[in-house]
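The values are calculated or read from the model by the stated rules, or taken from the named source; none is laboratory data. These numbers were taken from a predicted model, which means no experiment stands behind them. Every residue, glycine among them, receives a Cβ derived from its backbone with ideal geometry; neighbour counts consider all protein chains shown.
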Amino acid sequence: MIYTSGTTGSPKGATLTHRNVAASLVASAHGRPIGPDDVFLHPFPLCHVAGYNVVRNLAAGRPVVLMDRFEPGEFISLTSRYQATKTTMAATMLSSLLDHLEAHAEGRPALASLEGIAYGAAPMPPTLLRRAFAELRIDFSQGYGMTELAGNAVFLGIEEHRHALAGAEHLLTAAGRPAPNVEVRVLDEDGHDVATGRPGEIVIRGDQVMAGYWGDAETTKAAFTQGWFHTGDIGVFDADGVLSVVDRKKDVIVTGAENVSSREVEEEILRSCPEVREVAVVAVPDPHWGENVCAVIVLRAGATLPPDVLIGRVRERLAGFKAPRHVVEVDELARNSLGKLLKQDLRRWLADQPSVIGPRL
């Protein structure tokens, strides 16, 4: 039993059977193969579902190096000491590693053995992915999954990443293709399959889907429809069968009857505002529009950015209703131990302190 990260509510105990974990290993063997000489460096805590990487590497007869907790300097030291070839990271870990190398360039040679980084756990901003590829010159792959799936079920491999970084821009935000033993559909609110290119909720069926939530029959029943597990993610399939995750269902902002993807706005802010180090876009109540788009930002050291300038830059790239109407500057964003944004905590904080939101711009 592994507890979910609780990014959209209270953590829930996902009951994973032997069959679930075994099916997850089969899916990963297809989407993220292990080489005969690989040494895997694991920077996540073992209470997280990413720990399945330990199991799959040991099952392949390859050594695993464990970290007590992720710290860039220690990561570099362990990579050099054990000649690690592969690792997995969340976006916050990769960003921290690159920032460390920027300040301590002498650490770069110690990463010479590292051949590839897999990522997951949270969205990877394309700007960060491009930066990592340019600075590290190694291969990337990603897996889309969750605790309830005993690991990853959809994969974007090395070749797709090479194509993406060579100009196939749409792949930079793609989750990938389902593993052969995994069924994935995208449904509308009525439970019907949506047309290609249209967004809907991602539902998954397969042997790696959990048995249920521990001690919570009601939530378990709500999560399944005729054997299909509802992920709570909004996704879209393109004509080539590549799945992209648009947003968490609970993070979509509805303003004036228009749906706004918080992830899309976050990425455009990162692209257009180099002064911004981190951003979280959430909904705040509005008596007329129902909800407004609010950007909570962390600026880079020494940077300044007037709210109207940020909003103007985003409006140059997105439809006007998607641009933030409020901008709040903070020193840090609420995250859990794995680096995932806790947007429900952020929304609660904004609701408790309405004065920090300021006037609608």
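Points to keep in mind about this one:
- Scanning the range 14-37 for residues that are assigned to a loop (DSSP other than H, G, I, E, B) and more than 22 Å from the chain's Cα centre (by Cα) turns up Thr17, Ile34, Gly35, Pro36, Asp37.
Listed here are the residues, each with its yes/no results for (1) surrounded by fewer than 23 Cβ atoms within 10 Å (Cβ to Cβ); (2) closer than 22 Å to Thr85 by Cβ.
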residue: Met124; (1), (2): yes, yes
residue: Arg137; (1), (2): yes, yes
residue: Ala153; (1), (2): no, no
residue: Glu160; (1), (2): yes, yes
residue: His170; (1), (2): yes, no
residue: Ala175; (1), (2): no, no
residue: Val184; (1), (2): yes, no
residue: Glu189; (1), (2): yes, no
residue: Asp193; (1), (2): yes, no
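- Counting only residues that are closer than 14 Å to Arg185 by Cα and aliphatic (A, V, I, L, M), the range 240-277 holds 3 of them.
- Flag for Phe40 being over 18 Å from the mean Cα position of the chain (by Cα) and aromatic (Phe, Trp, Tyr): yes
- Every test in (1) of a type in the set (A, V, I, L, M, F, W, C); (2) more than 25 Å from Gly151 (Cβ to Cβ); (3) surrounded by 14 or more Cβ atoms within 10 Å (Cβ to Cβ); (4) out of contact with any Gly (no Cβ under 9 Å at 6 or more places or on another chain) is passed by Leu114 save one, and that test is (2).
- Whichever residue in the range 107-128 is assigned to a helix (DSSP H, G or I) and either modelled with pLDDT under 90 or polar (S, T, N, Q) (or both) and, among such residues, is farthest from Gly157 (Cα to Cα): Gly107
- Taking the criterion of being touching a residue at least 40 places away in the same chain (Cβ under 8 Å), buried (at least 18 other Cβ atoms within 10 Å of the Cβ), not small (Gly, Ala, Ser) and not in a helix (DSSP H, G or I), the residues of the range 49-102 that qualify are Thr85, Lys86, Thr87, Thr88, Met89.
- Condition met for Val314 (in contact (Cβ under 8 Å) with a residue 40 or more places away in the chain and in contact with a helix residue (DSSP H, G or I) (Cβ under 8 Å, 6 or more places away or on another chain)): yes
- Strands (runs of 3 or more DSSP E) wholly inside the range 187-254 that include at least 3 residues being modelled with pLDDT under 95: 228-237, 243-248
- Residue in the range 338-354 that is at positive phi, among the aliphatic types (A, V, I, L, M) and either without any contact (Cβ under 8 Å) to a residue 12 or more places away in the chain or out of contact with any Gly (no Cβ under 7 Å at 6 or more places or on another chain) (or both) present: no
- In the range 322-341, the residues that are surrounded by 15 or more Cβ atoms within 10 Å (Cβ to Cβ), touching a strand residue (DSSP E or B) at 6+ places or on another chain (Cβ under 7 Å) and charged (D, E, K, R): Lys322, Arg325, Glu329, Arg335
- Among the residues of the range 195-216, the ones that are under 19 Å from Ala174 (Cβ atoms) and either under 20 Å from the mean Cα position of the chain (by Cα) or surrounded by 15 or more Cβ atoms within 10 Å (Cβ to Cβ) (or both) come to 6 in all.
- Test: residue in the range 236-247 that is in the same structural domain as Pro306 (by TED's automatic domain parsing) and charged (D, E, K, R): no
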